[in-house]
Amino acid sequence: MDQPMLAADPHAEIREEVAKLCARFPGEYWRQVDRDRQYPTAFVQALTEGGWLGALIPEEHGGAGLPLSAAAAILEEIHRSGGNAGACHAQMYIMGTILKHGSADQKKRYLPKIASGELRLQAFGVTEPTSGTDTTALRTVAKREGDKYIVNGQKIWTSRAEHSDLMLLLARTTPRSEVAKKTDGLSTFIVDMKAALGKGLTIRPIRTMMNHNTTEVFFDSMEVPAENLVGQEGRGFRYILDGMNAERLLIASESIGDAKWFIRKAVDYSKDRVLFGRPIGQNQGVQFPIAKAYAQMRAAEALLKQGLAKFERGENCGEEANMGKMLAADAAWAAGEACIQTFGGFGFAEEYDVERKYREARLYQVAPISTNLVLSYIGEHVLGMPRSY
Ligand SMILES: Cc1cc2nc3c(=O)[nH]c(=O)nc-3n(C[C@H](O)[C@H](O)[C@H](O)COP(=O)(O)OP(=O)(O)OC[C@H]3O[C@@H](n4cnc5c(N)ncnc54)[C@H](O)[C@@H]3O)c2cc1C
């Protein structure tokens, strides 16, 4: 089951190269950064040096100019190898906002440095503690004063903020009461976090059940040069929405990688562990949950491939991106359940990596969008049922 579609896979070479790189960062490495809640700097550095994080940046801006399916293959491979791309995946989908909506000057200023690794664009400031999923109710305000904006407010779950040079920030520039549609009046900014730190920007880490380097971020009259506004003022929500299908397809790829890792581990262990005179995998009670998770993973993978193909053809892939993300996260969770159960007590011991991957895989039922919100997207936008919120 290692690579079921390898022969037809246009990214087989990329997978092979990324797998080689990942082999330099085995379970011990991930266990140690997890235990100490460290940022996997060496791994991110190696990925950057290999050019993998600049995969989607066009060649004219110093990147590899690869399609989204190539980025999906890179992230899937990292997870299939037992690692975690949460430390750096955002760069791939945030960059698209600058590429699509940024000015010529912004592209020239930032994209080549992001591609070379000189600058990290890893922080994405959207979620806030009070508004949560109800993004247009966010309270962070950016007020124009001459040639700069003054930002006040707070974000939560801003992952990698301590390890990023730049943040893509969504803030309200016109009060909700003064716009025709609640999605209007929001704007997107590129924040130079290193320059703003201590000058209106405060970052506080949040310790979570897995190592995700996430934080809360406070803005107290933080200044952002007006030239760092992306696109037009007031249209930022659309720009962020634009990138969300790409984000969901990429996160789904990570979940597919997780599912493959869990299934491989569970299959191998079930064949090796002998009890009552036979391998435990001979018992259908052990075999069937693994087989079922495999079937779920393959179905999600097929849908994901359709979504990636539609995205690359420039078609609306909202249905596939949302369903693919939900089904891939479900498949990873089913595979994680089967794996930890197959390992019995050993599944809970750090040294097998199962408990770490189990904790990590759970996140994708909630972030970047929770399962309920995917279901309401399907109900409303795919099935034409009444809007629920
Ligand atoms: C580790 C981690 C990293 C993250 N990284 C980032 C990041 O880098 N940048 C960023 O901006 N955000 C980030 N997030 C935020 C993430 O996108 C949100 O947690 C997620 O979108 C859910 O929002 P919430 O936590 O505010 O939950 P809420 O919106 O408070 O929702 C709580 C629960 O209620 C349910 N719910 C809410 N409304 C409805 C409804 N109308 N119908 C049915 N059910 C509903 C939701 O499905 C959810 O289960 C991260 C989160 C975590 C945990």
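Any read-out appearing in this document is the output of simple, stated calculations on the displayed coordinates, not a laboratory observation. It should be emphasised that the depicted structure is a prediction, and the values quoted were computed from it without experimental measurement. No Cβ is skipped: glycine too gets one built from the backbone with ideal geometry, and neighbour counts run over all protein chains shown.
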Reciprocal mean inverse distance between Cα atoms of region 110-163 - Kirkwood radius, Å: 13.1
Fewest-first sequence of Lys181, Lys305, Lys194 by Cβ atoms within 10 Å of each Cβ: Lys181, Lys194, Lys305
P(r) tail fraction, region 239-389 - alpha-carbon pairs more than 18 Å apart, %: 59
Dimensionless Rg ratio for the chain, taking C-alpha atoms and the 2.2 N^0.38 Å reference: 1.00
The chain: calculated mean residue ellipticity at 222 nm from DSSP helix runs of at least 4, using -39500 (n - 2.57): -15000 deg cm²/dmol
Exposure proxy ranking, count of Cβ atoms within 10 Å, fewest first, for His89, His61: His61, His89
Total charge dipole magnitude, the chain, about the Cα centre, Cβ charges on Lys, Arg, Asp, Glu only, Debye to nearest 20: 600
Under 23 Å from the Cα of Lys310 - lysines, other chains or at least 8 residues apart: Lys100, Lys325
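Using Stokes-Einstein with the Kirkwood hydrodynamic radius over Cα pairs, what translational diffusion coefficient do you get for region 215-297 at 20 °C and a viscosity of 1.002 mPa s, in µm²/s rounded to a whole number?
Working: Rh = 17.5 Å.
For these conditions, the coefficient is 123 µm²/s.
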Debye log10 I(q)/I(0) at q = 0.15, 0.23 Å⁻¹ for region 111-214, Cα point scatterers: -0.67, -1.31
Region 204-249: Cα Rg divided by the 2.2 N^0.38 Å rule of thumb: 1.60
Spacing of the two label points (7 Å from each Cα toward its C-beta) at Val274 and Asp9, in nm: 3.3
Whole-Å distance, taken between Cα centres, linking region 59-105 and region 249-312: 25
Unit charges on C-beta of K, R, D, E only; dipole of region 226-332, Debye: 660
For region 235-309, with +1 on Lys and Arg beta carbons and -1 on Asp and Glu, the positive-most of Leu304, Ile263, Gln287 along the dipole: Gln287
Within a Gaussian network of the chain (alpha carbon springs, distance under 10 Å), most fluctuating of Arg139, Arg120, Arg24: Arg24
Environment charge of Ala171, counting only residues whose C-beta is closer than 12 Å and scoring Lys/Arg +1, Asp/Glu -1: +3
Between 0 and 90°, nearest 10: helix 236-272 axis offset from the chain longest Cα axis: 20
